[in-house]
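Readers should treat all values here as calculations from the given coordinates under stated rules, not as data from a laboratory. Computed from a predicted structure; not experimentally measured. A quick note on method: Cβ atoms are made from the backbone with ideal geometry, for glycine too, and the neighbour counts reach across all protein chains shown.
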There are 2 protein chains.
Amino acid sequence: MTPGEHQPSSAGLLGAGVIGSGWAARLTLAGVDVRLYDPAPEALETTHAQIERARRAWRRLTTAPLPPEGTLALVGSVEEAVEGAELIQESAPEREPLKRALLAQASRAAPPDAIIATSTSGLLPTRLSADMTGPERLVVGHPFNPVYLLPLVEVCAGSRTAPDTVERAQAIYRAVGMRPLVVRTEIDGFIADRLLEALWREALWLVADDVATVEEIDDAIRFGAGLRWAAMGTFLTYRLAGGRAGMRHFMAQFGPALELPWTRLTDVPELDEQLIEKIVAQSDAQAQGRSIDELIEIRDDCLVAVLVGLKAAGFGAGEEVQRSERRLLDLASARAPVYRDGWLVLHEAVVVPEWIDYNGHMTEFRYLQVLADATDAVLRHVGIDADYIAQRGSYFTAETHLRHLAEGHVGDGLYVASQLLGHDPKRLHLFHEARRTADGTVIATGEHLLLHVDPSTHRVAPAPDDVLRAIDGIADRQRGLARPESAGRRIG
Amino acid sequence: MTPGEHQPSSAGLLGAGVIGSGWAARLTLAGVDVRLYDPAPEALETTHAQIERARRAWRRLTTAPLPPEGTLALVGSVEEAVEGAELIQESAPEREPLKRALLAQASRAAPPDAIIATSTSGLLPTRLSADMTGPERLVVGHPFNPVYLLPLVEVCAGSRTAPDTVERAQAIYRAVGMRPLVVRTEIDGFIADRLLEALWREALWLVADDVATVEEIDDAIRFGAGLRWAAMGTFLTYRLAGGRAGMRHFMAQFGPALELPWTRLTDVPELDEQLIEKIVAQSDAQAQGRSIDELIEIRDDCLVAVLVGLKAAGFGAGEEVQRSERRLLDLASARAPVYRDGWLVLHEAVVVPEWIDYNGHMTEFRYLQVLADATDAVLRHVGIDADYIAQRGSYFTAETHLRHLAEGHVGDGLYVASQLLGHDPKRLHLFHEARRTADGTVIATGEHLLLHVDPSTHRVAPAPDDVLRAIDGIADRQRGLARPESAGRRIG
């Protein structure tokens, strides 16, 4: 454990709705033993479903091995759930009298040094603790759905909460992968839900006034500002919109819009010099000395990462990236193939930061990614497009021999030069060199044996004549080309 | 071009601020010739900087080859910019009299069939077109910063706009990779900026009232709801929060919060049966028949994709994922190594959707990713951790021989069994089998030759004794193990 993290030995959960079962999933996956109380008959089923979703998500979030899972026990009373627990997390429905009674009951059976946290979205902890024994143990720990994936947890003390409780709650949340945000003022809705509510209330007006449908409203977010919010929030984003002149320029440029009827929220704060100065100073602190150009680069890296992620998921803005990609591939297929000194050059790439590993250079599987993309370009060139693959077959790679000859670094432009080593109706034997664009240095070679397969059985089957003729065309162009020295070699 | 897309031959841009230069970047990268008018002395420099950022971003967004770039010319007048242009895009500062005069001037010199679009964030097109010749050509085309990356563009007609203008503007925006959202009601702030303004105004209150700093407000978004907004927006997210009972249940559960003082926006719409019914019906339509379970799976896939992307960028919520990963690796290192039938088993993985290619199975470089992760686990096992790599050296892979023996499909559990084939002070020769957890089928093998390198020179150098002793330990455990038949083979 890093300083500031503390793995709890066990947790008692009260409530197994969407939020409570999400806590059960996050905690058991982090190796914490959980006792859960919820009188609803579907409580266990809901919780098992959440745990299964959490497993699926975390396996993809990291290739690091997960710890042995904590145990989950459904118990018959509040007292059994909280007995001996280091963390008690209440996630009952958002009704003050209900939560107040439940927390009071839990407080009487809980260990004297337990953390008693409530998942409330915005009720005030001082009021919720009114009937508790030992109210110094109560703290708000407000998570966000899905609890097992989103890092944020708002931590807010009531007037009777001990400072130590706030510290210890944060240490526990950090140890299970969360990001505590201390809400320093006890205010209805805390910070996050006030922002969510403002947006939500404006959205409800747009629907009520028939300006837009719920789908149009969601699209207005997820194809635009939502992508920025995921990485940077609102103030850092606006700092960039001011360009190099920064936050003060942005406020001067967009402040006047506060006087326009651009939302139903018209009771706006006066944008006087004092408020502007406060925002500018806080924004400077947040930027941690990073220039606008540096922040723009970070923003773009994050947006690309988010868009590439959504492309793989095939959803939201990722659909638009997929559509652009199809259009670009169509346009590229329409251009003539390029031969350089007899080698076929159909693929280029630039080494990007996410390809770099702990050794400070391009990680090995990214070399294969570049070479495999070149193989795909060769296949498209001989007529293997989406229609072909759907109806007539495909080439599968059976064997690959890679040699790493030089390191790839961020920003290196690369192109792949390809040579056909041999082919028959069922087999295609390719050789690639990944070369630096700047000086032609070969950073890796790949020798690849591909087999043509039938689209339905996935068994090896001869390629049709039109494809074989196109491959013959490459062979004709490369007849005089010397065979690469390393082709056919084995690892010695 | 797909139906509904139309690549414009040329574009005339008025204004080269953050938005105007962003348009120049998106359009030239899509192959459109651009003429740009902006009297500011830094206009050309700003625009070139945006184009360079756009190139960098798009190279990473897709490996598909980009088309030949369009040309960029800075011209000396509005008339020269718009002459002969198919698309005219005005991006002057957000002041109505200025935009109105500029659009009138442009309208007199523009081709009679040009699209004259304004980038206004929320001014009304009917008013902006007041002094234009041919106002039927004017349409709002409101993009979002950075214009070259975010797909959203709000399209809104004024009272004199021809329906054909709205259609043609959409076709042009689609052809350059954007997602047009038609705003059907001419309303101040359109849809997106009303939502942004509501959140922004609430954020300003939080700062003005000293409840939170700008950084805390941004953190409240980017570690929580911002990650959901990127994929799903607000209504679809809330549909899921209702659980299987869906949107009506959510409205019943969270509707009462509208009466709480959870934002400064207190003039809220009445949540009567009619409004609830409307929202429920629109939400059903948006879900397109997908069940809550299906939507939850999509949401989680998107959140994972966004988080994994941010992990690679090392920013925002990605920092939290990196922190969790370090903790998990530390915990795993502390556990004893596992031998099964003499093979060393240190790495497991599950095949996820983003590993699948157009052939419907795991794409070739992901096999190498799994095997390379197993190599990393072996290296950690012999003491090559972050400190070692920073100070004492590392192993670089020099050569790899892969054999693909069976297809990997989504959900397949895999583990990697490793055998040490040989070693000396400078070399490490490993053999991996990636096996399906369910039945032990070997889906791929990898033979890898690694070289130990000096941390400063990156030249081959002997590994130190402690590492060699740890490797000897594996050799001792595997002394009786048969050498794999395919080891040392070459591609035949």
Exercise. Classify segment A:1-94 as rounded, prolate or oblate, taking a ≥ b ≥ c as the square roots of the eigenvalues of its Cα gyration tensor: rounded when a/c is under 1.5, otherwise prolate if a/b is larger than b/c and oblate if not.
Key: oblate
Quiz item: Taking the alpha carbon gyration tensor of the protein assembly as shown, what are the square roots of 5 times its eigenvalues, largest first, to the nearest whole Å?
Solution: 46, 42, 24
Self-check item: Hits among aspartates and glutamates - C-alpha to C-alpha of residue A:311 under 13 Å, sequence gap 8 or more where chains match
Solution: A:319, A:320, A:325, B:301, B:354, B:357
Quiz item: On the first, second and third principal axes, largest extent first, how far apart are the outermost C-alpha atoms of segment B:10-190 in Å?
Solution: 43, 34, 26
Self-check item: Rough spin-label spacing in nm, given labels placed 7 Å along Cα→Cβ, for residue B:465 and residue A:42
Solution: 6.6 nm
Quiz item: Using unit Cβ charges (K, R positive; D, E negative) and no other charged atoms, how large, in debye to the nearest 20, is the dipole of segment B:10-190 about its Cα centre?
Solution: 580 debye
Quiz item: What's the FRET efficiency of residue A:9 with residue B:438 using the Cβ-Cβ distance as r and R₀ = 35 Å, to the nearest 0.05?
Solution: 0.55
Exercise. Compute the distance in nm between two label points, each set 7 Å from the Cα along the Cα-to-Cβ direction, one at residue B:288 and one at residue A:293.
Key: 4.3 nm
Quiz item: For segment B:336-477, what number results from the quotient of the Cα radius of gyration and 2.2 N^0.38 Å?
Solution: 1.08
Quiz prompt | Signed unit charges on C-beta, dipole axis of the protein assembly as shown, positive-most listed residue B:68, A:190, B:337 | solution = B:337
Exercise. For chain B, return all DSSP H helices satisfying: extent of Cα atoms along own axis at least 30 Å; mean Kyte-Doolittle hydropathy at least 0.5.
Key: B:292-313
Exercise. DSSP loop (so not H, G, I, E, B), at most 15 other Cβ within 10 Å: list which chymotrypsin sites (Phe, Trp or Tyr not before Pro) in segment B:313-366 pass both filters.
Key: B:358
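Residue by residue through B:182-192, how many Cβ atoms from other chains fall within 10 Å of the Cβ on average? Numbers along the way, then the final one.
Values: counts 2, 4, 5, 5, 1, 6, 5, 6, 4, 11, 10.
What the average comes to for B:182-192 is 5.
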Exercise. Using a Förster distance of 30 angstrom, determine the FRET efficiency expected from the C-beta separation of residue A:52 and residue B:319, and round it to 0.05.
Key: 0.65
Quiz item: What per residue convex hull volume, in Å³, do the alpha-carbon atoms of segment B:146-207 yield?
Solution: 87 Å³
Self-check item: Cα Rg, Dmax, segment B:345-426, angstrom units
Solution: 14.8, 43
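Which trypsin sites (Lys or Arg not before Pro) in segment B:84-168 sit in a loop by DSSP (not H, G, I, E or B) and have at most 16 other Cβ atoms within 10 Å of their own Cβ?
When the trypsin sites (Lys or Arg not before Pro) of segment B:84-168 are filtered for loop state and at most 16 Cβ neighbours within 10 Å, B:95, B:160 remain.
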Self-check item: Contour excess over end-to-end distance, with Cα ends at residue A:277 and residue A:409 and 0.36 nm allotted per residue
Solution: 43.3 nm
Self-check item: Computed magnitude of the charge dipole of the protein assembly as shown (debye, nearest 20; Cβ of K, R +1, Cβ of D, E -1)
Solution: 2480 debye
Quiz item: For the residue pair residue A:96 and residue A:487, what label-to-label distance in nm results when each label sits 7 Å from Cα along the Cα-to-beta-carbon direction?
Solution: 8.0 nm
Self-check item: Contact order relative to length of segment A:337-477, as percent, for alpha carbon pairs under 8 angstrom and 6 or more apart
Solution: 26 percent
Exercise. Taking the Cα centre of chain A as origin, work out the dipole magnitude from +1 charges on Lys and Arg Cβ and -1 charges on Asp and Glu Cβ, in debye rounded to 20.
Key: 1260 debye
Practice problem: Name the residue farthest towards the positive end of the dipole of chain B from the options B:208, B:347, B:324, assuming +1 on Cβ of Lys and Arg, -1 on Cβ of Asp and Glu, about the Cα centre. | Solution: B:347
Quiz item: Rounded to two decimals, what is Rg over Rh for segment A:89-207 when you use alpha-carbon atoms and the Kirkwood radius?
Solution: 0.99
Quiz item: How many angstrom lie between the C-alpha centres of segment B:425-492 and segment B:102-124?
Solution: 66 Å
Practice problem: State the answer as a single residue: which of A:37, A:84, B:313 lies farthest towards the positive end of the charge dipole of the protein assembly as shown, with beta carbon charges of +1 for Lys and Arg and -1 for Asp and Glu, about the Cα centre. | Solution: B:313
Exercise. Please work out the C-alpha center-to-center distance from segment B:325-375 to segment A:162-201 and express it in whole Å.
Key: 35 Å
Exercise. Check cross-link reach from residue B:99 to the aspartates and glutamates: straight Cα distance under 19 Å, and skip same-chain residues fewer than eight apart.
Key: A:259, B:38, B:79, B:80, B:83, B:90, B:131, B:136, B:154, B:186, B:188, B:193
Quiz prompt | Bins of 5 Å from zero: percent of alpha-carbon pairs in segment B:421-492 | solution = 3, 13, 19, 20, 18, 14, 9, 4, 1
Quiz item: Taking the alpha-carbon set of chain A, what are its Rg and Dmax in Å?
Solution: 29.4, 90
